[in-house]
Amino acid sequence: MNTLKIFNSDIIILKPKRYLHSANFFINPLKSPAHSFLSNCQKKQSISSHMAAAAAAGDRISRITSAIRVIPDFPKPGILFQDITTLLLDPVAFKDTIDLFVERYKDKDISVVAGVEARGFIFGPPIALALGAKFVPMRKPKKLPGPVISEEYTLEYGTDKIEMHVGAVEAGDRALVIDDLIATGGTLCAAISLLERVGSHVVECACVIELPELKGRDRLGDKPLFVLVSSS
Ligand SMILES: O=P(O)(O)OC[C@H]1O[C@H](OP(=O)(O)OP(=O)(O)O)[C@H](O)[C@@H]1O
Ligand SMILES: Nc1ncnc2[nH]cnc12
């Protein structure tokens, strides 16, 4: 079996099968040449619709990639800053970003989308609305007015803490964690930890951008991560 890798999706390219006339023809119509012909046509149709879908997804990913601006030495020397504010200036690329996430999660029974401050607050709410899920903000310390649980973490450039309102997420909730970017993975690990502490199930983490050199994905262990753009 051949596979075509488009970011995190494996598009399976089925090799056309050769059908032989067989003795089963009369006793098993599913193996008849006529059925084989039809089934080959259906496979070819499904291959071409997969390829069309892959090409469309590829176009959207290219547009998203081009819309992200990279600024060297911000906020300090040596950091290549991935600036998503330019993505937000392009309504087509911004919508493509949201649509790609919604298409992936629409049938996954997500009950809560947790967005990490600050940039997870940009992508999370439209995804939550489209999925019919609640949105829960994971905020920097001392911003939430009600009782909170908190978790500390380390960053590519410093340390921080995130907090979540007690009662916003409940045991049994199925959570999707959204952020703009994964670098070292510290932020997503802290978000996962908060969500699991209250008994919810983290289905997946999703980011627009991954910095693979920082190996944040490894830090997440077996928790699945979906990203649209990988930037080295
Ligand atoms: O994978 P990590 O190493 O944890 O880094 C990723 C996090 O860093 C950035 O946020 P930042 O903490 O800079 O906060 P901001 O969104 O408020 O600017 C980014 O938006 C992620 O949340
Ligand atoms: N290189 C980077 N660009 C944008 N946001 C980040 N957060 C952590 N590292 C970052």
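Looking at Leu214, Leu195, Leu144, Leu129, can you tell me which residue is of a type in the set (A, V, I, L, M, F, W, C) and modelled with pLDDT under 95? Answer to the selection: Leu214. When the stretch 182-213 is filtered for residues that are more than 15 Å from the chain's Cα centre (by Cα), open to solvent by less than 10 Å² (accessible area, probe 1.4 Å) and among the aliphatic types (A, V, I, L, M), the ones remaining, listed by number, are Ala190, Ala191, Leu194, Leu195.
Being free of Cβ contacts under 8 Å to residues at least 24 places away in the same chain and either away from ligand 1 (no atom under 15 Å from the Cβ) or closer than 25 Å to Ala53 by Cβ (or both) narrows it down to one residue among Gly172, Gly167; which is it?
Unique residue meeting the criteria: Gly167.
Taking the criterion of being within 16 Å of ligand 2 (Cβ to nearest atom), part of a loop (DSSP other than H, G, I, E, B) and among the hydroxyl-bearing types (Ser, Thr, Tyr), the only residue of the stretch 184-202 that qualifies is Thr184. Would you be able to say whether some residue in the stretch 104-127 is in contact (Cβ under 8 Å) with a residue 24 or more places away in the chain, in a helix (DSSP H, G or I), within 16 Å of ligand 2 (Cβ to nearest atom) and hydrophobic (A, V, I, L, M, F, W, C)? Yes, the stretch 104-127 contains a residue that is in contact (Cβ under 8 Å) with a residue 24 or more places away in the chain, in a helix (DSSP H, G or I), within 16 Å of ligand 2 (Cβ to nearest atom) and hydrophobic (A, V, I, L, M, F, W, C). Of the residues making up the stretch 61-92, those that are touching a residue at least 40 places away in the same chain (Cβ under 8 Å), in a loop (DSSP other than H, G, I, E, B) and surrounded by 14 or more Cβ atoms within 10 Å (Cβ to Cβ) are Ile68, Ile79, Ile84. Within the stretch 170-181, the set of residues being within 11 Å of ligand 2 (Cβ to nearest atom) and of a type in the set (A, V, I, L, M) comprises Leu181 only.
Residues in the stretch 129-154 that are within 12 Å of ligand 1 (Cβ to nearest atom), in a strand (DSSP E or B) and open to solvent by 60 Å² or more (accessible area, probe 1.4 Å): 3 in all.
Of all residues being more than 22 Å from the chain's Cα centre (by Cα) and part of a loop (DSSP other than H, G, I, E, B) in the stretch 155-174, which is modelled with the lowest pLDDT? Just the residue, please. Break it down into steps so the answer makes sense when it comes.
If we filter the stretch 155-174 for residues that are more than 22 Å from the chain's Cα centre (by Cα), which is where we start, we get 157-161, 163, 165-168, 170-171.
Right, trim to part of a loop (DSSP other than H, G, I, E, B) and you get 157, 166-168, 170-171.
On the way: Tyr157: 64, Val166: 98, Gly167: 98, Ala168: 98, Glu170: 98, Ala171: 98.
Filtering the stretch 155-174 for residues that are more than 22 Å from the chain's Cα centre (by Cα) and part of a loop (DSSP other than H, G, I, E, B), the one modelled with the lowest pLDDT comes out as Tyr157.
Got at least one residue in the stretch 216-228 being within 16 Å of ligand 2 (Cβ to nearest atom) and in contact with a Phe, Trp or Tyr (Cβ under 9 Å, 6 or more places away or on another chain)? Looking through the stretch 216-228, at least one residue is within 16 Å of ligand 2 (Cβ to nearest atom) and in contact with a Phe, Trp or Tyr (Cβ under 9 Å, 6 or more places away or on another chain). Among the residues of the stretch 219-230, is any open to solvent by 40 Å² or more (accessible area, probe 1.4 Å), within 15 Å of ligand 1 (Cβ to nearest atom) and of a type outside the set (Lys, Arg)? Within the stretch 219-230 (the criterion being open to solvent by 40 Å² or more (accessible area, probe 1.4 Å), within 15 Å of ligand 1 (Cβ to nearest atom) and of a type outside the set (Lys, Arg)), the answer is yes, since at least one residue qualifies. Looking only at residues in the stretch 159-169 that are open to solvent by 40 Å² or more (accessible area, probe 1.4 Å) and closer than 26 Å to Lys215 by Cβ, which one is nearest to ligand 2 (Cβ to nearest atom)? Selected residue: Asp160. In the set (1) buried (at least 20 other Cβ atoms within 10 Å of the Cβ); (2) farther than 25 Å from Gly58 by Cα, the condition left unmet by Leu176 is number (2).
The values are calculated or read from the model by the stated rules, or taken from the named source; none is laboratory data. Small disclaimer: the values here were computed from a predicted structure and weren't measured. Glycine gets a Cβ as well: all are built from the backbone with ideal geometry, and neighbour counts include every protein chain shown. The protein model used for the area step is the full one, side chains on, heavy atoms only, and it has no ligands, DNA or RNA in it. Shrake-Rupley method; radii C 1.70, N 1.55, O 1.52, S 1.80 Å.
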